[in-house]
Structure formats: structure tokens, C-alpha cells
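For reference, the structure is listed below as C-alpha cells.
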Amino acid sequence: MQIEDLRIYVAVMNAGNFTAAADQLMLSKQYVSRRMAALEASLGARLLIRNTRKLSVTDAGKVFAQHAQRILDDIQEAEQAVSERRQELHGTFRISMPMSFGMSHLSPLIADFLAEHSALQFQVELADRYVDVIGEGFDMAIRIGTLSDSTLIARQLGELKRVICCSPAYLKRAGEPKVPEDLLQHACLRYGREGQNGWELKVDGKKKVLAVQGPMMSNNGEVLCDAAISGLGLVLLPEFIVGPALQRGELVSVLDACHPDSLCLNAVYPQHRQRSEVNRVLLAFLQQRLNA
């Protein structure tokens, strides 16, 4: 068994097929196929089931993938341990981050971080979904909001204040809500899962969920911000999305005394990455810059 075979196998698992893995590794599809056949022969076990439509993974293949990834991570950490003597981080690092916050706040920071550590190569995915960090081969994911129970390690990077706001035109047309219950009579533009569960606000120090309704629900805050600026209704979004429009006067805040709790900004990563020097340095960098 060769280390290269482990890298190829993990790439095939993450890509889902030989062609995509070969493109990623800059190898031929035929070579990838031969190496996978040799790997299965050396193990004496079937890892992958090939057919004309898709590539399936056997139970043995899933177990082997976890061990293979751990071995590759250990090799990378060993290489980094040696490179630390040169005070240089290197290797490939996959990170997932939410679309709007990633573009407005994290993208410039990642660029600055890479400028300081030029031997690193980052693969950045922007998506408004919770990626499967381990299953999809990510080293870290940045997440906003309450974290679900998992085996991932979480480190808080900061907090994000949220605001209820609307356009001046909507406020003039529909009137200003004076108490949280007034929201039930207004058009409310709802975000993602919160749109299905209702808006959770603080009333006299107690949390209250209001089943608001409105003409739009989206999993993207920028879309809802644009809709609010156009006068479609009230929106509850983090300040990093609506802040510029509030400063320009395109939106105005309401119910300032009844805003919900701030959202937690967290970095999550697999347990086997907790010794990673890249993780440690990147986390310290993000915490320092985001809270400056």
C-alpha cells in the first residue's frame, strides 16, 4: 500500500467519482482506476462498487476512508511540525463559510492570512448550508447561530447583533409596530429555518416566539435585504447584512427594545484537527481580527 493510494482514495470519496478525482489530482482517470484496483487487491477487500451510473462505497470502504483521512492528516501534521522550525505553514486547507458573511467579512481576512503564509493553499467554499465537515473532507467550517450536538470541536469567534428593519416607504404605508405582537399584522420577510419557526424576540426579559407571516422566505439574507429596501416588508437580519442600508437611510430599525439575542459566530472542526498548527494559527488570527 502506498501513501499516494490513500490520497487518491480520499479524493475519490470526496469527489464521488474517478473523473472528478482525477481532475482534482491532475492525474488520468485510467491511472486513478488502476491505483484503486491495486489498493483493493492489497487490502483483500472491496471498497468501491462501480457501475455505469454512479460510484457506491461499501461499508468497508467507509471505515477505510476514515482511517485513510486520519493517516493523511497525521502526515500533514508531521510535515507541519517540521516546517514550524522554519516558522512556515504549508499544505492544503479546506474551509466552508456562509455566503453573505464570508463575502463581506471573511474573504478579506482569508486573503490577508494567505499573504502572511504564502506556502498555504486554501480551498474556500461559500454556501448557505451546513456542510458535512467530516464526510465532505473539510478542515474547518464557519457557522452562524446555534450549533447542533456533534462530535465537532467548536470555538467561538464573536457575536453578531440582529436588527428588525424596513424601508421608510413601508413604514409610512403600514405604520410602525409599537409592540412585538404588532408584527403579526405586518408583512415579514423570513430567513431560512427561522422563517418556518417564527421570530424569537425578547419581551420583558423573556423570550417569545411570534409566528410572523409575509410574502417571502429565503435562505439568503442579501435577497431579503433587497426585498426590504424595495418596501416588501419587515426583515430580521444581522447588522452585517443590513448595516450599510441602515447607514444610507434605505432601511430604518423598529422595535429596538425587543431585538433577539445576538447570533454566535463559531468555527467548527473535526477532533483529529485539534493538533493542527494551521487550525491554531488561523483561529487566533480570526479571533483577533474579528474582535478588533
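The values are calculated or read from the model by the stated rules, or taken from the named source; none is laboratory data. Small disclaimer: the values here were computed from a predicted structure and weren't measured. Don't worry about glycine lacking a Cβ; one is built from the backbone with ideal geometry, like all the others, and counts go over all protein chains shown. Calculation scope for accessible area: heavy atoms of the full protein, side chains included, ligands and nucleic acids excluded. Shrake-Rupley method; radii C 1.70, N 1.55, O 1.52, S 1.80 Å.
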### Task
State all residues of region 213-246 that are among the small types (Gly, Ala, Ser) and at pLDDT below 95; if no residue qualifies, say none.
GLY214, SER218, GLY221, GLY243
### Message
Being touching a residue at least 12 places away in the same chain (Cβ under 8 Å) and within 16 Å of ASN17 (Cα to Cα) is the filter here; which residues of region 47-62 pass it?
### Response
LEU47, LEU48, LYS54, LEU55, VAL57, THR58, GLY61
### Query
What pairs come up if the first residue lies in region 10-39 and is outside any helix (DSSP H, G or I), the second is of a type in the set (Val, Ile, Thr), and their beta carbons are under 9 Å apart, counting only those six or more places apart or on different chains?
LEU27/ILE8
### Task
Go through region 240-265 and count every residue that is under 24 Å from ARG173 (Cα atoms), open to solvent by less than 50 Å² (accessible area, probe 1.4 Å) and assigned to a loop (DSSP other than H, G, I, E, B).
5
### Query
What is the number of the single condition among (1) surrounded by fewer than 16 Cβ atoms within 10 Å (Cβ to Cβ); (2) out of contact with any Lys or Arg (no Cβ under 9 Å at 6 or more places or on another chain) that TYR170 does not meet?
(1)
#### Entry: Scan of region 20-42 for residues that are under 30 Å from VAL278 (Cβ atoms) and among the aliphatic types (A, V, I, L, M), ordered by number
ALA20, ALA21, ALA22, LEU25, MET26, LEU27, VAL32, MET36, LEU39
### Task
Hey, could you check region 1-51 for residues that are within 29 Å of the chain's Cα centre (by Cα) and β-branched (Val, Ile, Thr) and say which is surrounded by the fewest Cβ atoms within 10 Å (Cβ to Cβ)?
THR19
### Query
In region 200-239, which residues are in a strand (DSSP E or B) and in contact (Cβ under 8 Å) with a residue 60 or more places away in the chain?
GLU200, LEU234, VAL235, LEU236, LEU237, PRO238
### Task
For region 266-289, name all the residues that are surrounded by fewer than 15 Cβ atoms within 10 Å (Cβ to Cβ) and in contact (Cβ under 8 Å) with a residue 12 or more places away in the chain.
GLN271, GLN274, ARG275
### Summary
Requiring at least 1 residues that are farther than 29 Å from ALA267 by Cβ and more than 20 Å from the chain's Cα centre (by Cα), the strands (runs of 3 or more DSSP E) wholly within region 137-199 are 162-166, 188-191
### Query
Among the residues of region 114-136, is there at least one that is in contact with a Cys (Cβ under 8 Å, 6 or more places away or on another chain) and either over 30 Å from MET13 (Cα atoms) or in contact (Cβ under 8 Å) with a residue 40 or more places away in the chain (or both)?
no
### Message
I'd like the full set of residues that are over 15 Å from GLU239 (Cβ atoms) and in contact with a helix residue (DSSP H, G or I) (Cβ under 9 Å, 6 or more places away or on another chain), limited to region 152-165.
### Response
LEU152, ILE153, ARG155, GLN156, LEU157
### Task
For region 266-285, name all the residues that are of a type in the set (Phe, Trp, Tyr) and in a strand (DSSP E or B).
TYR269
